[in-house]
Every structure is written in C-alpha cells, then in structure tokens.
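Have a look at the structure below before the remarks.
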Amino acid sequence: MTVSSQSLLILGAWAAILGGASRIAAAFIPFIPETVWLEVLYAIIDVLMVAATLAIYVRYMSGLGVIGLIAAALACLGFASIIGPDPVMFGIDFYRLGAGIIVVSMALLAVQLLRAGEMRVASGLWLLALAFALGLSALEEPGFLVASGVTFGAGFIAAGLSLLSPVRPASKAGF
C-alpha cells in the first residue's frame, strides 16, 4: 500500500485543525506544573503542529523560498524543543525559548505565505499571535497569553482548512 502526497496533506490538514482546536482549549486551562495529563495534552498539540507545519511547507513550498524553508524548519525545531517537561537549566527557561522560536518562526512563515498569496487568514492570525506574545513580554499581562494562544491555534485551524481546499495553480516563487 502506498501513501500519496495528497493523503499526507490531508493528514497534515487534520493535524492542523485538531492541534489548533486543542491549542485554543489549552489557552483556557490553568497551568499546573508536573501535571501528567496536561503535559500529554501539550505534547500531542506540539506533535500535531509539527505535522501541520510540514504539510503547510510541502503544499506551498514553491512560493516560500529559502526563507520559508528556514522558518518552517525553525518552527518544527521549536515545537520539538518543548515536547515533554520544560526545564530551566543554566538559567534558561527552555519553554519560553522554544515558544519564542515557534511564534517568531510562524510569523516569518506567515510573511512568506502572504508574499506568495497563500493562507491569508492563517497568516494574519499568526502575525496577531506574535503581536500578543510581544505584548505579553512587554507588559506581563496574562490576558495576552490567552489571546496569543487562541489566535495561534485559530491560525492552525485556518491553515488546516486551507490545506483541505483544492490545489490551485503554482504560486510565484518567494525569496
């Protein structure tokens, strides 16, 4: 049995939708350190978002250029870095570092998608998530954490719906 690239894109689309919906729900769950079910939920979300990010890149790679490749790779590395317990070692909070890499990388990928004329809604939501994350960093207002998580997850839902839509003719190449 062979798996077609279309089947993998469909799996990536559903990973985006499920991961995004789960990320939205997780934004409203209070964080309790060392809670097994919560760590499992976060790990599932991160794995789904890695699959979704790979599907997004594969679907639109002709228009994303080298910057899009770097952004997608960094986002996947960021997701991989926060799967599991989130230690603070050497004075570095690895969750914050990984989350920062993810939100910046997805914003960079969003810019490349917009340049290619693709995924406008998802891209706008990821850029908004970055704005909320920056607001959180600057003002330490907890509402920005929820807003960033919700818009970030909504971006993945929009991306999943876009991946499920019929393939259009190839986009112009990005840089």
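The values are calculated or read from the model by the stated rules, or taken from the named source; none is laboratory data. Being a predicted model, the structure only gives us computed values, none of them experimental. With ideal geometry, Cβ positions are generated from the backbone for all residues, glycine too; neighbour counts draw on all protein chains shown.
Identify, please: which residue in segment 118-128 is touching a residue at least 12 places away in the same chain (Cβ under 8 Å) and part of a helix (DSSP H, G or I) and is, among those, surrounded by the most Cβ atoms within 10 Å (Cβ to Cβ)? Residue satisfying both the conditions and the ranking: 126.
The selection criterion, being within 19 Å of residue 29 (Cβ to Cβ), part of a helix (DSSP H, G or I) and polar (S, T, N, Q), holds for residue 151. Specify the residue that is nearest to the chain's Cα centre (by Cα); the eligible residues are those in segment 86-117 that are surrounded by fewer than 21 Cβ atoms within 10 Å (Cβ to Cβ) and more than 22 Å from residue 137 (Cα to Cα). For segment 86-117, the residue satisfying everything is 114. When 156, 132, 94, 90 are checked against the criterion of being at pLDDT 90 or above and farther than 18 Å from residue 55 by Cβ, a single residue qualifies: 132.
Can you spot a residue in segment 62-80 that is among the hydroxyl-bearing types (Ser, Thr, Tyr), in a helix (DSSP H, G or I) and surrounded by fewer than 17 Cβ atoms within 10 Å (Cβ to Cβ)? Break it down into steps so the answer makes sense when it comes.
So the first thing to find is which residues in segment 62-80 are among the hydroxyl-bearing types (Ser, Thr, Tyr), and the list is 62.
Then keep just the ones that are in a helix (DSSP H, G or I); that gives 62.
Pick out the ones that are also surrounded by fewer than 17 Cβ atoms within 10 Å (Cβ to Cβ) and you get 62.
Yes, some residue in segment 62-80 is among the hydroxyl-bearing types (Ser, Thr, Tyr), in a helix (DSSP H, G or I) and surrounded by fewer than 17 Cβ atoms within 10 Å (Cβ to Cβ).
Evaluated against (1) out of contact with any Gly (no Cβ under 9 Å at 6 or more places or on another chain); (2) surrounded by fewer than 16 Cβ atoms within 10 Å (Cβ to Cβ); (3) not in a loop (DSSP other than H, G, I, E, B), residue 137 falls short on exactly one condition, (1). For segment 81-117, a residue qualifies if it is touching a helix residue (DSSP H, G or I) at 6+ places or on another chain (Cβ under 7 Å) and either of a type in the set (Asp, Glu) or part of a loop (DSSP other than H, G, I, E, B) (or both), and the qualifying residues are 83, 84, 85, 86, 87, 116.
Conditions (1) touching a Leu at 6+ places or on another chain (Cβ under 6 Å); (2) of a type outside the set (Ser, Thr, Tyr); (3) under 15 Å from residue 160 (Cβ atoms), marked per residue:
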site: 13; (1), (2), (3): yes, yes, yes
site: 38; (1), (2), (3): no, yes, no
site: 51; (1), (2), (3): no, yes, yes
site: 64; (1), (2), (3): no, yes, no
site: 71; (1), (2), (3): yes, yes, no
site: 80; (1), (2), (3): no, yes, no
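Has segment 1-8 got at least one residue that is under 17 Å from residue 160 (Cβ atoms) and either under 20 Å from the mean Cα position of the chain (by Cα) or surrounded by 15 or more Cβ atoms within 10 Å (Cβ to Cβ) (or both)? Working first, answer last.
So the first thing to find is which residues in segment 1-8 are under 17 Å from residue 160 (Cβ atoms), and the list is 5-8.
If we keep only those that are either under 20 Å from the mean Cα position of the chain (by Cα) or surrounded by 15 or more Cβ atoms within 10 Å (Cβ to Cβ) (or both) as well, we get 8.
Looking through segment 1-8, at least one residue is under 17 Å from residue 160 (Cβ atoms) and either under 20 Å from the mean Cα position of the chain (by Cα) or surrounded by 15 or more Cβ atoms within 10 Å (Cβ to Cβ) (or both).
Residues that are of a type in the set (Ser, Thr, Tyr) and not in a helix (DSSP H, G or I) occur at least once in segment 33-43.
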